[in-house]
Structures are given as C-alpha cells and as structure tokens.
4 protein chains.
Amino acid sequence: MSRIGILGATGYTALELLKILARHPQAEVTTLTTRQENSPHLSDVHPSLAGLFDLRCENLSPEDVGRRCDIVFCALPHTASMEAVPQLLDAGCRVVDLSADYRLSDPGVYETWYGHVHTDPTRLSSTVYGLPELFSDQIGSADLVANPGCYTSTSILGLAPFLAAGVIEPNGIVIDAKSGVSGAGRKPKLGTLFAECNESVTAYGIGNHRHTPEIEQVLSDVCGTPVQVAFNPHLMPMDRGILCSMYPRLKQPMSEDDLLELARSFYQDQPFVRVSSQIPATKNVAHTNFCDLSVRLNRDQLVVFSATDNLIKGASGVAVQNMNLLLGLDQTLGMLSFV
Amino acid sequence: MSRIGILGATGYTALELLKILARHPQAEVTTLTTRQENSPHLSDVHPSLAGLFDLRCENLSPEDVGRRCDIVFCALPHTASMEAVPQLLDAGCRVVDLSADYRLSDPGVYETWYGHVHTDPTRLSSTVYGLPELFSDQIGSADLVANPGCYTSTSILGLAPFLAAGVIEPNGIVIDAKSGVSGAGRKPKLGTLFAECNESVTAYGIGNHRHTPEIEQVLSDVCGTPVQVAFNPHLMPMDRGILCSMYPRLKQPMSEDDLLELARSFYQDQPFVRVSSQIPATKNVAHTNFCDLSVRLNRDQLVVFSATDNLIKGASGVAVQNMNLLLGLDQTLGMLSFV
Amino acid sequence: MSRIGILGATGYTALELLKILARHPQAEVTTLTTRQENSPHLSDVHPSLAGLFDLRCENLSPEDVGRRCDIVFCALPHTASMEAVPQLLDAGCRVVDLSADYRLSDPGVYETWYGHVHTDPTRLSSTVYGLPELFSDQIGSADLVANPGCYTSTSILGLAPFLAAGVIEPNGIVIDAKSGVSGAGRKPKLGTLFAECNESVTAYGIGNHRHTPEIEQVLSDVCGTPVQVAFNPHLMPMDRGILCSMYPRLKQPMSEDDLLELARSFYQDQPFVRVSSQIPATKNVAHTNFCDLSVRLNRDQLVVFSATDNLIKGASGVAVQNMNLLLGLDQTLGMLSFV
Amino acid sequence: MSRIGILGATGYTALELLKILARHPQAEVTTLTTRQENSPHLSDVHPSLAGLFDLRCENLSPEDVGRRCDIVFCALPHTASMEAVPQLLDAGCRVVDLSADYRLSDPGVYETWYGHVHTDPTRLSSTVYGLPELFSDQIGSADLVANPGCYTSTSILGLAPFLAAGVIEPNGIVIDAKSGVSGAGRKPKLGTLFAECNESVTAYGIGNHRHTPEIEQVLSDVCGTPVQVAFNPHLMPMDRGILCSMYPRLKQPMSEDDLLELARSFYQDQPFVRVSSQIPATKNVAHTNFCDLSVRLNRDQLVVFSATDNLIKGASGVAVQNMNLLLGLDQTLGMLSFV
C-alpha cells in the first residue's frame, strides 16, 4: 500500500483523483493540502466524498508532504507547481505534476506561452511526458512525470497513429476541439457561470491557447519532423468531455477501413484507447479513462475524431495510470481491474 | 414616446428589460448606468443587444438620471436602491424599483429579514406593490412602484384566488419552489458555476429566504387574515423559469373543476394569467410574461401549480407592465400587442 | 465467481448494472438478453461498454438463462417480468427483479394501480422487498428479491427514521419528488425528447403515480400503522438524480439537531446512507450508491431531504447490493470495497 | 392585414413562426393544418401559444388552404412539400416553403442527395432561394420562395463575403458546424432523447449531410466559380443555436482587421447580420433573427465564425423576413420594428 498525497485538494482534478483512489487497492491517500488556514474536512470541500475519506485539507509545506508520502499528485496552478515540485523531489517522494509547468521541454517556449520565466529550467528536458500510450517505457523509472493537458492528450491520441505512419501532412492540421465547462476550473468567473454557458456554444483562445505548443512538441517527437497545428478550442454546455474533430490532409488517398486498421494496430496493446468505426460521443467516455477514436472521409477530407473525459483521461485518470506505472503495477489497476 | 432610464444596466434583469423595450412602441431608452468608470458600450456589456441600441452605460448620479428620464427602472441591489430612489423621485421622474427595498410595508420586518435599518422608512407604507393582477388600480397614479420578487409573484398568483375565496386554510401552506439559475444573478459565485449547478438539484434558504415575508404580506392583504407559508426554494439546472408546487389544505372538499373555475373567474380580465387543466411547464412560459396556473387533487391534498419566467413575469416583464400602467397605456403594450 | 445474467439488457438500468459488475471481483456476466433477433453485440447497444465485455445480447428463453446463471437480474417491463420470474426460479437460479411486479404484497393493490391481473399472485406475499437498509436480514436467504422503485427507496429512506421513532404523523405527508429524465426509460417518447425537457421543469402523475402504494406499503410496515402520503413527482432537466423534499408534520416540536441525531442513529450501520447537516444535492450522489439525507425546520414545518442517483441507489446499485447479500458477500463489494 | 396559413403546424418551426407572427402588425394567421383527424386546438399542440391564438389545426387540402390565405408557410417534410406546393400556387396564394424540396436548382442533385425523383422538376430552376441578405431583389416579386436550411444559411452568411471578394480558395473549405437538438425535429427518436443527448457532444452525417449541396450551390452562385466544402455537423446538448467554425485557406495573407472590414462592408445594409471583433456565442443570437459573424487568424489559418438561432434565422425568422419582402414590407417588420 503506497502513501499518496495531493497538493491542492479543492479543485475538480483533485476531486476526481480522490474518487478513483477511493477504489484503488494499492493506494492510501494520507495527505491533502489547501492554502486555507482552517483545515476544512474533505467532506466539506467535496460533499460527494463524504463517507469515503476521513481526512482534512491542511496548509502544509511541500517538504512536509513529500516526507509523508511515496507519491504526490501536484494539482497546483502553473507557476505554483514549479516552486513545489523541487521541494517534493528533495523530500524523497515521486511526483505526478498535473500543472503545465513541466510539460514543455524548452524553457523559452514556456516563457513565450505562459508569460513567466521558468524557475526550474534544468529539470525540463529530463522530465517524462506522462502519456502512457506513447511513453510508458520511460514513465516507470521516473521521479517526476508531467501529466498532459486535457486537450493535448485527446488531440495527440487521435493524430499520433497517422503522423507516426506518415500518411498525413505534418503541417496545417486543423483541430476543432469541444470541451465541457469543468475544464475551466472551479474558480468563480463570469464566463463559467451557469446562466452564461448553458444553452450556448462559443470558441475562445484561438491562436493563443497554451495547449498548442504542447500538442506540437509531442507530435513532433512522435513523427520526427516538425508538426504544426491550428488549435481551436470551443466551450460546450456540459460538465465534462472533450471531442476533437481534426482535419489533417492525407498525403495519398486511403480508405476509411485502412485508416481504422492503422489506428487499431497502433493501439493494439493499449487498454484505454478504443478504435471503432462509430463516431465517438463524449457521453460514452464520461467518467472513464477511455479515449474513443474513429475516422471519416468527407469526400477526400480526412476527419479524425477522438473523445475523452477531460477530468479523467484528460487529467486524473491518466495521473493514476502514471502512478500505477511508477509503482510497477498494471496501468489499469483501480480503473478497469481490481486485483 | 417616453424617455426611459435603467439604473444598474449590467445584470440579467436589465438585459431582459432592454430586450422588451427594444420592441416597445412608446418607450425610448435614453440612459443606462453602471458603477464602472470606463463607460462601456452596451453591446460590450450585453453582446446580444448589439444592433438594437447605440448606448453607453455611464456612471451617473440618480439625480442626473432622474432629470433625463420620465420613467426609471431601478435595478440596483437592495440597500443601494433605497439611497437612489428618493433622489430619483426628487428629480421628478417616476420609478419602478426592481430591488426588495420598497416591497415590505413595515420597516421592522425589512430590518429583520434584510439585516439593515431602512433609511427611507416613511415611504414604505405608501409605496404601491407592483403586481398588476392584484393592484392595477393603484399603480396607474403612483410615482413609485415596488416590483415584486420572482418567487413572490409566482407564489402569490397561484394562491390568491383560493385565499380570496376562502376555500383554503391561510396557514401551514407548503410552497415547494423550483427556480432556474439566472435568479441568483450575474455575480460570479462558486454555487452558480456551470459545473456546480448542472446535473444537480438542491434546496437552499429553507426558513430564511427573503421572499417569505413578502409572500405573506401580500397574501394577507388579499384575504384579510394573516397568511403563513413554509417557503422552500430549490435550484434547478436551467437558465430561467420558476415552478411553484403549492400544498394548501382545503377547508372543504372541492372538485378540480370547481377549483379551476374559481381561478379562471378570478383572472378573467388578466391577459397574462393562463388557467388551464394542464400542469404548467416552465418551458411554456419561458421568454414570455405569462403565468400559467393549474390545480390537481392528490387524493384529498390540493396541489396548486404556477409557472413563470423568473426574469420576465418575475422581474422585467412585470416591470414593463407596470410602466405601461404608469403611462396610461394598455398593460400588454410591447409584450403581446403593438398598437 | 458467480455467473450473472441480465434479462432485458438494452435499457438504462442494464447499462448501469453492467458498469458496476465490470468492476465486481465476484461476479462474471455470462448472459444478456434482448427481444431483438439479430443478437447485437453489447458494444453496439451500449457503446460506453466497449472493451469491458465481449458479449452479445441474445433472444433467449428465461429457462435457458436460468440454467446458465447463478443470479439473474430481471430488467424487463412490468407484466413481462411476472411471466419470466417463475421460469427463472424453476430453472434453479436466484432472481433480483427490477420491475414493479413483485413489490406490492397484495395482488388487488397491484391490479388497481397497474391495471393488470397479477398472474403469479401467490408469490407476492413471500417475496422479499429489496431495500437492504430495512430488510437485509431477510434478503440473504431469499430466492427472489423485488428491487425497489427509484422514487420509492429515496422517499422511504428519508421518512423511515422518523416514522419508526413515531415523531411524525403517519398521514398527510407531502412528498415533492424531483427526478432526472433517465427515470423515464430509453423508449423514444415526445415527452422525453431533449428539446421538450431541456430548460423545463414540470410535474406529472399527480395522484396516480405507481410508486405511491409501494411507498405506503413499506412505510406502513416500518411503523406498524397505516401511512398515507401525497406523492408528487416532477421532471428535471438533468440525466440522473432524485431529490425528495418531504413535508411531514411533527407530533411534538423537536430541534434540527435531535432530528439529525435520530436519523444518524437509525442508519449507524448502513454504509450507503449519509446523514448530514447539509442539504443534499443530487450531484453529490450521482454515479454512486449513496443516499444523502438531511432535515430542516422551516419555522415549525419539518422538511426532510433525501437524494439518490435514480439509476444506482434507485435501481442498479441497490440491485448489486442485493446480489451481494444473496451471495453472502459484504454488501459494499464492488461499490465501495473491492476485496 | 394579410391572411397567413401554415401547412404542418405541429413541429418546432411552425411553433416559432407562430410566436413571431403573434407580434406581427400586418399578418393574421387564419389557417393551420395537421394530418391528425381530430382537429386539435393549437394550445393543446403548443401549450406555450395558449392565449395568443384561438385556432384549431385542421386536416385540410392544400387547395383549401391556398384559397383561404394570401401567404402560406409550408412546413411539411421533404417530398410532402413538392406535392403540396403546386396546389397552393394553383389556388392563388404565394408560398414560403421551409422544406428542402425547392432549394436545389438541379433535380438530379436533388435525387442524388434525397433519394427521391423530384415530381415538380421544372419549377426548380425558377424558384428563388430565400436568403434575403443575398437575394432580396428577387424575393419581392416571387410566388414561391425556398427557405434555406439552418446549417446552410449560417455557413453561407459566414463565407459569402470572402468568396465574393475572392480572398479565400473556393475549395477544401472545412466547416465544423455545431447545432442544438431542436434542429433534429420533434419526432421521437432514440438519438434525440434527453438522456442520450445531454452531457454529450458527437458528430453525424459526415460526408452525406443534405445541406452540403445547398451550401455549395449558393456559394458557387455567389462567387461565380465552383465551391467545394467539407461539411461536418455536430450535435450539442442545447435546445437551439448553430455555431459554424469555418476553416478556409486565404489566397494572400490578410489582417483580421481587413477581413472584418470586408465583412462589415459586405453586410452594411443588412439589419440582421452583425459583424464584430468578438467571437460569436449562440446564446447572443438565441430567440433572434440575427446572424453574428467574426473572424480570427490562428497563425496563418483563417477561422470564420458565424452563429444563428437555427429555429429563427435558420428557419422561421428568415421565413417571416421573406414574407415581409413578398408583401412589400420592411424586412424587419415584426422582428425588430413594429411600425
């Protein structure tokens, strides 16, 4: 039984982490943190967890947390994470960081997109990118795993098979991404009020969404040539779920069957990617760690669809997948199997 | 053509007022206020109004607004309203106040429920309560009309016929009220975030919701004897609409037909109350100034149902109805008829 | 490992049963039925289950199913169930029946409310009512368990502590129940179309909803005196969840604290009932087998709130709870614990 | 005052037509049809219209309707419309056809996409396409107007300025269209049940949606060269609204400001198209006849956004706009102005 901590326990990703860990046979959550001084009981912060944990959220230093835990999930905002992670590692625990701080390998790219100088730049190039479908062999032995962004992993999982096989052009890939509102976090803002989002669909962050360089970096690694995407996120009136509709150009004409077969073959050993001839719907992956994948030819335009639950496969589920790999466990433990 | 002003133009009630007034043949909106200093254009505050008004929201004093307008809708928060209203009246305009500040006739009751001493107490007893279905004869000649609360008017319209006829007991009336989220206003709060409200139903303010004394005051006036209700508001995952399911005790057994007939007769001259044998649905009154009404006998328990759009009949629509009466116009002008 | 079958695998309750059983360490689903002739693969019927089961839905007789399985969940419509259940039992398996056919102990009451003569009347009086919080000692040794209705169990769990203690009047209890749309099933109907239900709240079945006699029967058993309720179901624009707001009359004044303490004591050994001073929200119990419970005093009117997920604690979760008891397992197995 | 009829009064487009016509100063609805034999009262078919019309829906022949009316809105399904329209015209009335039957000028294209031989092919080439922003000069004198599809007009209005100016390539235009569920009509189907659509986003009809040839035909007319699009519709969990995110390739680099200016200039005389630097949201056009338009450059990829209410600007609002033009009235009458 490993001792687990969560830095920043009041948000939605922490909530989903805790729901998964409540069922996990090899993980015992021992430590939760918040910046609030009054040490609220977890069931007051997240009433849905009442009866599952008898824990308080404490205002603890990263060192204290690191000493108490074997694995720490860092669910702090970006910039806060790069302060805490070195302290956690120094204290001797291993870390899955859910922020964006360790995802980009180049500190200059980080500074460009996040508007902050990175204070822990030397660690960037050696941090493992925590998308197990692509990098599982590097994750097991790591001390620090950078958990991917939700749009990022959904986009990457859809495009990787076709870029790796070299059947699509690596540039000019249009990604039309549609996300539920929980992706915007739990901090009260006008734009995420119910009466603003409900019965509405809109786009945002066109050209400047921070998942863009992350998608391009990982996909460039996958295919060994620079990948360039036009990433276009949209906000949907639903709690959770991401559907990416992606429009790459085929280098040569191919049939839908051949494209599906290529994707199936690419993911044949991956328990959490489901390739199907049916177009995915976010409802079918909600509350699961699955990524559903399909393709269509719209005349000669290839369309790749991928769907995830942004809070699970897009955040907390893949984080537990990474934890399992860190601990040498089956990556599905606690999510599909329970032995 | 009357000159219209709105104090506090950035909220949902102001938005709905403006949508109605855009179509009104006898009202010209001339003045809008906000506490923001940068005088934002209305179409930046409410993008849905682009092309309908070419106005800015200005940081103006109530006196200035009063001098520029014939009628002012005061859409300020409570306590702010009781400061502005005397100044508006002194400046010579007539006022429809959408806050709670002038609804309760007894300043002591106000203080008990709102936790503030009323600073304009002498005006309370002479202010007209702006529910035209009950008080239209007093509204036309008033200078100040207190626009009812959304739960209040929905509850009152449902119960008034039966209390006035003396067929139900005036005490122990259970009101189970269900409202859309827009009723909570446009200020960002955790509890009204999309990802908190969506896919959830809950109750709040049991025993201390401020619409309670307002319902009791008006219904007591209607039937000439003290009325006592247990008012229980619930939050629904939808933008707008209120359904009140009300459980009074019949003094004598009556048939559904007789009860419906009693309600139809009570509202026979009222263009905005629709009595039907069908149970109302909030969708059928959404974006309208109608209140739909029906009854059921559940064995010997009477159930009265009333439904409104909380932003229209519950706020901005009834406010225009009141404006029409102040101006000596047909009360339906701009909402049902246009001549 | 027990062999599990589901009769009627295409609906929402079967879908939720399968999601739970996919995680259950002691249950292996072997048999699924449908009336469709083409034996569709489960992942075509329920795409969300792809990768979890490799099973087809077959058009099998109850006898065949009974012979292949240790436990069968019967998720057929009422009247179809009373034909299948005797055959299942004769074939030697044990049955959790999710229809209404075996819930009422009096065949005359069944005929009155369901409009059909019961064809298996002699079995009614001996069938165990599958609400483990009240009847767990009878469930373990049963061959047939009548799984409760969703509104029923939510209402009963809220009222039982207070009726058992004799602190509320057993008659005239108003139940204002609010349910998500999945409760209406998966058969296409005008009234459950998205564009009809969304952004709408309404009531239905006032005075004739079939969960009424079930609530009264069980609660009368609980307190040993006839209980009479006015049950008023409402339809909410959400997928899942029930909130019951219940208005019984206290026999004597009591404090909220004493009422809560009474409920806590009543459920002290029940892992799936959470009594709290906070008003429950359906979101906090969604996708769980919990029933959340609280009380409020609205002046002198007691309000009891109970919330469940209508598809889990209201149907498929409690069915697995019953299965665990039939198998002599911990009732939380597969839902809270996995050992 | 013109006498107005609606063929097929039970669907959502008829409902929205009636809501608009209820406020129209020059139109009197006299005749409504249904295939139901019992002549239901309109308020039973559409409870939201109670109190606005005292009309029944009758099973009348097109000839009878044509003789009673000056203008008939034909809201029948495709193929039914091409049978009724000739009879309506022969009876002497003018027709706005909301079906797809008269939108495509080539009967062969119709047969290819709709799978039916057109029975009134000679009329196709002379029918006016009822998109007033492009064809208002032809509409006024027409007897038959083919009202555009909802996706169609939203897509066309967004792309037309740029194709007409020749600044984008006319082929390979990716349209990612997102629609509310009301676009799928009011006939009960599994796929449009609340519990299937809610909390879900998916795509459908990729490569075979029937609005494709309509978009291509009209845009080819606009720019005088064949236009080819990849049209990709998606279903959103909301009642109404369409957002089209469109990805054409610029022939030469241009700035966002120049692109916006081009669109503003193209629509300078159009009261219902609002060009803005803000990305449109469907909520801002809901329940209005506006089409909101904006552009973004995502690095060098142009993105054009257009948003409408699919039931208003996408169907019933533009139909009234067409009626106004047929009657020689201001096209905004009854929708923006009332004089």
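Read-outs: derived from the displayed coordinates by stated rules, not from any lab. On a predicted model such as this, the values are computed, not experimentally measured, just so you know. No Cβ is skipped: glycine too gets one built from the backbone with ideal geometry, and neighbour counts run over all protein chains shown.
Odds and ends about this structure:
- Fewest-first ordering of D:Leu32, A:Leu98 by other beta carbons within 10 Å of each residue's beta carbon gives D:Leu32, A:Leu98.
- Remark: the Cα gyration tensor places chain C in the prolate category, a/c being 1.5 or greater and a/b exceeding b/c.
- Per-pair calculated FRET efficiency, R0 = 35 Å: B:Asp221 and B:Thr119 via Cβ, rounded to 0.05: 0.90
- Charge dipole of region D:54-208 (Cα centre as origin; +1 on each Lys and Arg Cβ, -1 on each Asp and Glu Cβ, all else neutral): 280 debye, rounded to the nearest 20.
- Chain D: calculated mean residue ellipticity at 222 nm from DSSP helix runs of at least 4, using -39500 (n - 2.57): -8500 deg cm²/dmol
- Each Lys or Arg adds one and each Asp or Glu subtracts one; over the other residues with Cβ under 11 Å from the Cβ of C:Gly130, this totals -1.
- Environment charge at A:Ala27 (Cβ cut-off 11 Å; Lys +1, Arg +1, Asp -1, Glu -1): 0
- Extreme residue, positive dipole direction of chain D, given options D:Leu259, D:Val295, D:Pro237 (C-beta unit charges): D:Pro237
- Antiparallel bridges, percent of DSSP beta bridges restricted to the protein assembly as shown (to nearest 5): 45 percent
- Region D:151-310 - percent relative contact order, Cα under 8 Å, separation 6 or more: 31 percent
- Within chain A, percent of DSSP bridges classed antiparallel, to nearest 5: 40 percent
- Region A:138-185 shape via C-alpha gyration tensor axes, a/c threshold 1.5: oblate
- Here r is the Cβ-Cβ distance between A:Ser141 and D:Leu190 and R0 is 51 Å; the resulting FRET efficiency, rounded to 0.05, is 0.60.
- Sorted ascending by nearby beta carbons within 10 Å, beginning with the fewest, A:Leu7, A:Leu49, B:Leu297 become B:Leu297, A:Leu49, A:Leu7.
- Rounded, prolate or oblate (a/c below 1.5 giving rounded, otherwise prolate when a/b exceeds b/c) for region D:230-299 by Cα gyration tensor: oblate
- With label points set 7 Å from Cα along Cα→Cβ, the inter-copy distances at A:Asp106 are 4.8, 7.3, 8.0 nm, sorted shortest first.
- Lysine pair number, Cα distance threshold 16 Å (strictly under), chain D, separation 8 or more or different chains: 4
- Sum of side-chain charges, D:Leu193 neighbourhood, beta-carbon under 15 Å (Lys, Arg +1; Asp, Glu -1): +3
- For chain A, built as a Gaussian network whose Cα springs stay under 10 Å, the top-fluctuating residue of A:Ala195, A:Ala80, A:Ala91: A:Ala195
- Residues D:Asp106, C:Asp137, sorted so that the one with the fewest Cβ neighbours within 10 Å comes first: C:Asp137, D:Asp106
- Among A:Arg299, A:Arg103, A:Arg56: highest mean-square fluctuation, GNM of chain A, C-alpha pairs under 10 Å: A:Arg299
- Size of electric dipole in the protein assembly as shown: Cβ of Lys, Arg +1 and of Asp, Glu -1, about Cα centre, debye, nearest 20: 0 debye
- Quotient of C-alpha Rg and 2.2 N^0.38 Å, computed over region A:182-283: 1.33
- Whole-percent pair-distance distribution, where bins are 10 Å wide, for the alpha carbons of the protein assembly as shown: 2, 8, 16, 21, 21, 18, 11, 3, 0
- Sites B:Glu58 and D:Arg67, calculated FRET efficiency, Cβ-Cβ separation with R0 51 Å, nearest 0.05: 0.35
- Sorted shortest first, the distances from the C:Gln87 label point to those of the same residue in the other copies are 4.9, 6.8, 8.1 nm; each point sits 7 Å from Cα along Cα-to-Cβ.
- Of the beta bridges in region D:151-310, as assigned by DSSP with both residues counted there, near 70 percent are antiparallel.
- Ascending list, in nanometres, of distances separating the D:Asn171 label from those of the other copies (7 Å, Cα toward Cβ): 2.1, 8.3, 8.4
- The convex hull of the Cα atoms of region D:111-270, projected and averaged over all directions, covers 11.4 nm².
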